1. Quick check on the chain: helices-only [θ] at 222 nm, where DSSP H runs of length 4 and up contribute -39,500 (n - 2.57) each and the sum goes over total residues. Nearest 500, please.
2. Please state the shape class of segment 68-137: rounded when a/c is under 1.5, otherwise prolate if a/b exceeds b/c and oblate if not, all from the C-alpha gyration tensor.
3. Please list, in order along segment 123-132, the HN-Hα scalar couplings obtained from phi with the Karplus expression 6.51 cos²θ - 1.76 cosθ + 1.60 (θ = phi - 60°), rounded to whole Hz, x for Gly and Pro.
4. So which lysines can K37 reach, going by Cα to Cα under 16 Å and dropping same-chain residues fewer than 8 places off?
5. Under the rule a/c < 1.5 gives rounded, and otherwise a/b versus b/c splits prolate from oblate, where does segment 31-73 land using the Cα gyration tensor?
6. Test of understanding: ordering D31, D103, D109 by Cβ neighbours within 10 Å, fewest first, what list do you get?
7. Put +1 on the Cβ of every Lys and Arg and -1 on every Asp and Glu Cβ in the chain; which of S132, H113, F4 then has its Cα farthest towards the positive end of the dipole?
8. Would you give the gap between the C-alpha center of segment 49-65 and the C-alpha center of segment 109-140, rounded to a whole Å?
Amino acid sequence: MKQFKSFINETHTSHQNQAVDQNTNMSALSDPSVQKKLNAWVGSIAGNYILPEEAISKLRSSLSKIGLSFDAVPVMEGESGTHELPLSLFGGRFGKSVTTPYDEFEEDDGISHEVEGGLKLVIGYEMQEDNSCRLTASIK
């Protein structure tokens, strides 16, 4: 018969790192592996949609779970095109840091200080013959 302590030790070691993402901090956007995982996630949401607004809504909802947001998407006119939408992390930053002059404030998207130039959501669309819309999405 097993001792309770050995049972707990075996259970604890066998259940470590069972999370699919290895418990990665998805708001650490300067990490290339995080950007790769985000692009895989965003890319899986894209696809064929009757109403492209449905896909945009899904993207907005999914990205908001990790604190990323983007402005309204312009109307998709024509047969195909792309839209580049700047992303912000937790609504951006406003305030002072150690290096800010006393009469100024820092205000940015919350990403630019970690990733040079910030990040943007690139949404591509193409109208199909059956009037559905094929969407692609990536974070660059």
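Since every read-out is calculated from the coordinates, none of them should be taken as a lab result. On a predicted model such as this, the values are computed, not experimentally measured, just so you know. Don't worry about glycine lacking a Cβ; one is built from the backbone with ideal geometry, like all the others, and counts go over all protein chains shown.
1. Theoretical 222 nm ellipticity from helices: -8500 deg cm²/dmol.
2. Note, shape of segment 68-137 comes out prolate.
3. Result, ordered by residue: 10, x, 9, 8, 6, 9, 5, 8, 6, 8 Hz.
4. K65, K120, K140
5. Oblate, because a/c is 1.5 or more while a/b does not exceed b/c.
6. Ranking D31, D103, D109 by Cβ neighbours within 10 Å, fewest first, gives D103, D31, D109.
7. Value: F4.
8. So the separation of the two Cα centres works out to 12 Å.
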